[in-house]
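K.L.:
Could you have a look at this structure, given as structure tokens, before my questions?
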Amino acid sequence: MSTAKTKYPLVIFLHGAGSRGDDNRIPLGSLPTQLSRQVWREKYPCFVLVPQCPRKRWWGELEMVELLHAALEKTLKEYENIDRSRIYLIGLSMGGNGCWSFAAYKPEIFAGVAPFCGQADPATASLLTKTPFWVVHGDADNVIDVSFSRNMVEAIQKENGNIIYHELPGVGHNCWSEAFQEPSAMMEWMFQQKKKTAK
């Protein structure tokens, strides 16, 4: 049984463009739903923060990244038993863009980041060398070209960063399904990540 002193990781999930709007139930599909199931609640006990991006906005925009950070700070104040050394960031498509942008904005926060089929600016790679990344992209993606992940991974590797890259042959935009099923190598990896110094 948990107590007030028990600390749990926090998973921040950033949805894709199709889940934007003001119906807060829409972004709860895929990973948040899986984390709510008993098997994963027992295996990966954690808090889950699922913000929703307004219509016509994008997670990668600076204003939206600032709002994400404000939401995180508010959550950390409200829930004292969040383990600040184990804050994880996972995002799909537009949410993958948000992962890269949010991690570059506050690299000291995250113990692990998993952008799925996202895009980012390789010029930010030097900011991300101390953050562990698990990156996934399908080489047949016709929504966000695989070159975006390839270029970002290459830039971080040149900076001697900590990055795992899975390029899925013949897979299109939906490259995250396997990662959100049991067993999940990505989730096993993610929940092993811990910052040495929690901010």
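The values are calculated or read from the model by the stated rules, or taken from the named source; none is laboratory data. The structure presented is a predicted model; accordingly, all values stated were derived computationally and were not measured. Backbone-built Cβ (ideal geometry, glycine too); neighbour counts: all protein chains shown. The protein model used for the area step is the full one, side chains on, heavy atoms only, and it has no ligands, DNA or RNA in it. Shrake-Rupley method; radii C 1.70, N 1.55, O 1.52, S 1.80 Å.
K.L.:
Assign one of three labels to region 117-191, namely rounded, prolate or oblate, based on the Cα gyration tensor with a ≥ b ≥ c the square roots of its eigenvalues; rounded applies when a/c is under 1.5, prolate when it is not and a/b is larger than b/c, and oblate otherwise.
P.N.:
oblate
K.L.:
In region 91-180, which trypsin sites (Lys or Arg not before Pro) are in a loop and have at most 15 other Cβ atoms within 10 Å, using DSSP for the loop call?
P.N.:
Lys130
K.L.:
Report, by chain and number, residues whose modeled amide H sits under 5 Å from the one on Thr131, excluding near sequence neighbours (fewer than 5 apart, same chain).
P.N.:
HN-HN under 5 Å from Thr131: Asn162.
K.L.:
While we're looking at this one, here's another question. Mean separation of Cα pairs under 8 Å and 6+ residues apart, divided by the residue count of region 56-146: what relative contact order is that in percent?
P.N.:
Relative CO of region 56-146 lands at 25 percent.
K.L.:
Put Arg55, Arg86, Arg41, Arg25 in order of accessible area, largest first, 1.4 Å probe: what do you get?
P.N.:
The ranking, largest first, comes out as Arg25, Arg55, Arg41, Arg86.
K.L.:
Now for a different question. Near the amide H of Ala114, under 5 Å away, which other amide H atoms are found, from residues 5 or more places off or on another chain, if H is placed in the peptide plane?
P.N.:
For Ala114, the qualifying residues are Leu89, Ile90, Gly91, Trp134.
K.L.:
At a 10 angstrom cut-off on C-beta neighbours, averaged per residue, how do the peptides 77-83, 100-106 rank from highest to lowest?
P.N.:
Packing order, densest peptide first, comes out as 100-106, 77-83.
K.L.:
Sticking with this structure for a sec: Using a 1.4 Å probe on the protein heavy atoms only, what accessible surface does His166 show? Give it in Å² to the nearest 10.
P.N.:
Here the residue's solvent-accessible area equals roughly 70 Å².
K.L.:
Sticking with this structure for a sec: Sequence gap at least 6, Cα distance under 8 Å: using those rules, report the relative contact order of the chain to the nearest whole percent.
P.N.:
Here the relative contact order equals 20 percent.
K.L.:
Okay, next question. Any chance you could look up the accessible area of Leu67 with a 1.4 Å probe, heavy atoms only, rounded to 10 Å²?
P.N.:
Accessible surface of Leu67 is approximately 90 Å².
K.L.:
Treating cross-link reach as a plain straight distance, find the lysines whose alpha-carbon is under 19 Å from the alpha-carbon of Lys106, omitting any fewer than eight places away in the same chain.
P.N.:
Lys74, Lys77, Lys130, Lys194, Lys195, Lys196, Lys199
K.L.:
Give the long-range amide H neighbours of Phe191: residues separated by 5 or more places, or on another chain, with amide H under 5 Å away, using H modelled in the peptide plane at 1.01 Å from N.
P.N.:
The list, which skips near neighbours in sequence, is empty: none.
K.L.:
Here is a further query. Could you check how much of the accessible area of the chain is carbon and sulfur, as a whole percent, using a 1.4 Å probe?
P.N.:
50 percent
K.L.:
Find how many whole Å separate the alpha carbon centroid of region 9-44 from the alpha carbon centroid of region 110-146.
P.N.:
About 20 Å separates the Cα centre of region 110-146 from the one of region 9-44.
K.L.:
Let me ask something else. At 222 nm, what helix-only mean residue ellipticity would the chain give, in deg cm²/dmol to the nearest 500, using -39500 (n - 2.57) for each DSSP H run of four or more?
P.N.:
After summing the helix terms and dividing by residue count, I get -8500 deg cm²/dmol.
K.L.:
Probe of 1.4 angstrom, ligands and nucleic acids ignored: what's the accessible area per residue over region 9-113, in square angstrom?
P.N.:
Solvent-accessible surface per residue comes out at 44 Å².
K.L.:
Match the structure shown to one of the listed values (1) 10.8; (2) 12.0; (3) 15.1 of mean projected area of the Cα convex hull in nm², computed from it, and give that label.
P.N.:
Evaluating mean projected area of the Cα convex hull in nm² on these atoms matches (1).
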